[in-house]
Amino acid sequence: MSEAQEKPLIGTMDGLSKPKKPQSYYDAIKQKFTEERDLRLDYRPEGTQQYTSDLTGSFARYETDPYGGEIVPREPINDTVECLFIGGGFSALLTSARLREYGVESIRIVERGADVGGTWYWNRYPGVACDVISYDYLPLLDEMDYVPKHHYARGPEILAHCQAIARRYNLYELAVFQTTVTSTIWNEEEEMWQLTTDRGDHMKARFVICANGTLSKPKLSKIKGMESFTGHSFHTSRWDYDYTREDLSGLEDKVVGIIGTGATAVQAIPGLGASSKELYVFQRTPSSIDIRDDWPTDPNWARKLKPGWQAKRRERAMRGPRLTEEQRAARAAMSREEKIQRQENANIDYMMRIHKRIDEVVKDKATANALKPWYMFMCKRPCFHNDYLPTFNRPNVHLVDTHGKGITEITAKGPVFDGTQYELDVLIYATGFEVQKTGIYNQIRGENGLDLNDKYSSGIRTLLGIHSQGYPNLFIMGGYQASFQFNLTDMLQSQGDHIAACIDYVRRHDYQSLDVTSEAEEWWVQEVIHHRGKTTRNQDCTPGYYNFEGEFQRRQDGNYNGGFPKYVTHLKEVRAQMAENFVFTKERINQ
Ligand code: NDP
């Protein structure tokens, strides 16, 4: 690989620079993007219904925890805590850290897994890593006095960081693991939340934070005959190391298949290719693969970091790149249409560089062509890996490109495509996760017993994606109507800071509860609708979970698209006017 190639392509993408080719060139590629999208929409008109995340019955094993060991027996818990987190991933850890700073002592995490970590607890597939720069992605680095070992952190380091946060903030003391919350019901008289779990618990909490993650429930593509497969199979988020062995040596004599080529598969496939006797990769839509410029952290750089360095990095990132006077003037002179066209053209230039790199790396021309993504950058989660594309040069690795159709049949022996039966020893589902729509996986009933799902049935209604009227002292993290951020922990940290500050406000004022006003909620719903009007991504993109598999969505049932810096400003503004945006119980009693 040449030096120029080692530079990540993404760094060279300038949204508003002059197009390098005639407009007809870009229009032709855009047309091809549309055709490829339409092909996929035609193949799977079921939209999100093509998947199931109801992993019960014969599918239950795809969700069983392979990491936590036997369920540890314990007596049901019947007690009261002040703050209860549903889920023990970064959302809970970040917010708890802030709550501790405010002096909150009674904090409980209720977690389905056997430890904290969330995503990083469940996703332990070979090669698991984060492709957001570790100094930005790993939260609380200042507080934890920790500098990640590499520019991009591996999964085990991130999980260890989660555990270190839980120890540092004393979160293990009240935590309850191997436990799933089944209902969260507001008791209006006591002004407390009452929670039940699958372990027979009846817990009470004054504040409940839904911290159960955006992509935490594994899903499977509904494929005809999948139950009949007699080989071994598992989902990537429940990796069966008993079968593969830790170093994957268990696959040396195995014919392995993997369904899916999203961000998870891209990280798992190089290890599988190097370890399996034969590997079949069943692809429906290729991911875009850019270079991953990783390096070990320079100890001299790390030593020189001053206290507060990560917070300063975040502030700088929030400000965005500095433009010259000339660039600012050029942008101001452009019409909105011209800006959109230039951005689209730059996006296409970037995707064509991704194509060029595939041609340079992958030797077999047909395989190289099949690996080329035909959609705009960011229609799907972009991937970064140096070993993924070269893996397809291995003689034991076979790409089965289904060109948008996907695997639609599995027999006792394995998947069938285009009349060919692929006989496998093991089939790995890299088919992703259900996208949480409402921030909830359990029944949440607020004032007047109204189920949050029922409230949302005519459209999601929240303030900032966090508060929903009629659900006092309930906070939702990472859900819709919040901002989308490539570095998710940035978003979660901002929400965690906000939630902790709200709870502190209620405690300092001796209120029992806070609930958002209907006016504030309505304002935010309109903000979300207004900013979603700006994007055409949903309509133009190839189907995937980013755009609800191409299904029609109400404009309010998605993320806030006004930009992350603006979202953070709104969080601050809402907090600056607590009395206008929320009602508190004392006020209600006095009325
Ligand atoms: P995805 O939902 O992104 O991918 C699922 C894959 O399964 C897609 O390639 C999909 O194809 C394919 N698929 C589904 N059904 C079939 C079928 N019947 N036949 C063939 N293929 C099929 O899930 P992932 O687990 O890969 O990633 C989920 C998210 O997790 C990422 O988007 C990212 O946000 C996060 N992640 C982040 C990482 C990081 O580095 N930070 C690493 C790994 C994951 P199609 O595209 O056609 O729908």
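Some observations on this one:
- One chain, two ends: Glu580 and Glu409. Fully extended at 0.36 nm per residue, the span grows by 55.9 nm beyond their Cα-Cα distance.
- Near Val400, the amide H atoms lying under 5 Å from its own belong to Val281, Phe282, Gln283; only residues 5 or more places off or on other chains count, and H is placed 1.01 Å from N.
- Simple Cβ-charge dipole of the chain, Lys/Arg +1 and Asp/Glu -1, about Cα centre, in debye nearest 20: 1720
- Which listed pairs, of Lys222/Lys277; Lys20/Lys356; Lys30/Lys224; Lys277/Lys372, have C-alpha distances above 24 Å, in listed order: Lys222/Lys277; Lys30/Lys224; Lys277/Lys372
- For Ser106, the accessible area of its heavy atoms, probed at 1.4 Å with every protein chain present, is near 30 square angstrom.
- Taken as Cα centroids, region 468-510 and region 100-134 sit 17 Å apart, rounded to the nearest whole angstrom.
- Ranking by accessible area, most exposed first, for Glu551, Glu344, Glu580, Glu173 with a 1.4 Å probe: Glu173, Glu580, Glu551, Glu344
- Additional length obtainable on full extension of the chain from Lys306 to Asp38, 0.36 nm per residue less Cα span: 91.3 nm
- Placing +1 on the Cβ of every Lys and Arg and -1 on the Cβ of every Asp and Glu, with nothing else charged, gives region 235-286 a dipole about its Cα centre of roughly 260 debye.
- Excluding ligands, DNA and RNA, the accessible surface per residue across region 123-163 is 32 Å² with a 1.4 Å probe.
- Region 250-363 - accessible surface per residue (Å², probe 1.4 Å): 52
- Heavy-atom accessible surface of the chain: percent carbon and sulfur, 1.4 Å: 50
- Each 10 Å bin, from zero up to the one with the longest distance, holds this percent of the alpha carbon pairs of region 93-190: 14, 40, 32, 10, 3, 0.
- Label point 7 Å beyond Cα of His530 along Cβ direction - residues of region 463-498 with amide nitrogen under 18 Å: 463-466, 481-484
- For region 37-47, the Karplus equation 6.51 cos²θ - 1.76 cosθ + 1.60, evaluated at θ = phi - 60°, returns couplings of 5, 4, 4, 5, 5, 5, 5, 9, x, 5, x Hz by residue, with Gly and Pro reported as x.
- Positive-pole candidate from Thr236, Leu371, Cys210, dipole of the chain, charges at beta carbon: Leu371
- By the Cβ-Cβ criterion of under 4.7 Å, the unpaired cysteines of the chain are Cys83, Cys130, Cys162, Cys210, Cys383, Cys502.
- Sequence-distant contacts, meaning Cα pairs under 8 Å at least 6 residues apart, place the relative contact order of the chain at 21 percent.
- For region 108-174, the list of trypsin sites (Lys or Arg not before Pro) that fall in a loop by DSSP and count at most 14 other C-beta atoms within 10 angstrom reads Lys149.
- The chain: calculated mean residue ellipticity at 222 nm from DSSP helix runs of at least 4, using -39500 (n - 2.57): -10500 deg cm²/dmol
- Sparsely packed loop sites in region 439-536 (the trypsin sites (Lys or Arg not before Pro) outside DSSP H, G, I, E and B with at most 15 other Cβ atoms within 10 Å) comprise Lys534.
- Per residue, region 413-458 exposes 43 Å² of solvent-accessible protein surface, assessed with a 1.4 angstrom probe and all protein chains in place.
- Against the empirical curve 2.2 N^0.38 Å, the C-alpha radius of gyration of region 431-501 lands at a ratio of 1.14.
- Each principal axis of region 137-189 carries a Cα extent, and these read 50, 20, 19 Å when sorted largest first.
- Of the residues Cys541, Ala579, Asn453, the one whose Cα sits farthest toward the positive end of the charge dipole of the chain, with +1 on the Cβ of Lys and Arg and -1 on the Cβ of Asp and Glu, is Cys541.
- ³J(HN,Hα), Karplus 6.51/-1.76/1.60, whole Hz, each residue of region 346-354, x for Gly, Pro: 5, 4, 5, 4, 4, 5, 6, 5, 4
- Dipole moment magnitude, nearest 20 debye, region 43-135 about Cα centre, only Lys, Arg, Asp, Glu C-beta charged: 200
- Loop-located trypsin sites (Lys or Arg not before Pro) in region 318-349, at most 15 other Cβ atoms within 10 Å (DSSP): Arg322
- Rg followed by Dmax, in Å, when the chain is reduced to its Cα trace: 24.5, 76
- Whichever lysines have a C-alpha closer than 22 Å to that of Lys455, once near sequence neighbours (fewer than 8 apart) are set aside: Lys437
- Spacing of the two label points (7 Å from each Cα toward its C-beta) at Lys21 and Ser335, in nm: 2.5
- For Gly262, the amide hydrogen comes within under 5 Å of no other amide hydrogen, counting only partners 5 or more places away or on other chains and with H modelled in the peptide plane.
- Rounded to 5, the percent of DSSP beta bridges in the chain classed as antiparallel: 40
- 5 angstrom amide H check on Thr80, placed H, neighbours 5+ away: Lys204
The values are calculated or read from the model by the stated rules, or taken from the named source; none is laboratory data. Quick caveat, the model's predicted, so the values are computed rather than measured. Every residue, glycine as well, gets a Cβ built from its backbone with ideal geometry; the counts of neighbours run over all protein chains shown. These accessible areas exclude ligands, DNA and RNA; they are computed on the full protein's heavy atoms, side chains included. Shrake-Rupley method; radii C 1.70, N 1.55, O 1.52, S 1.80 Å.
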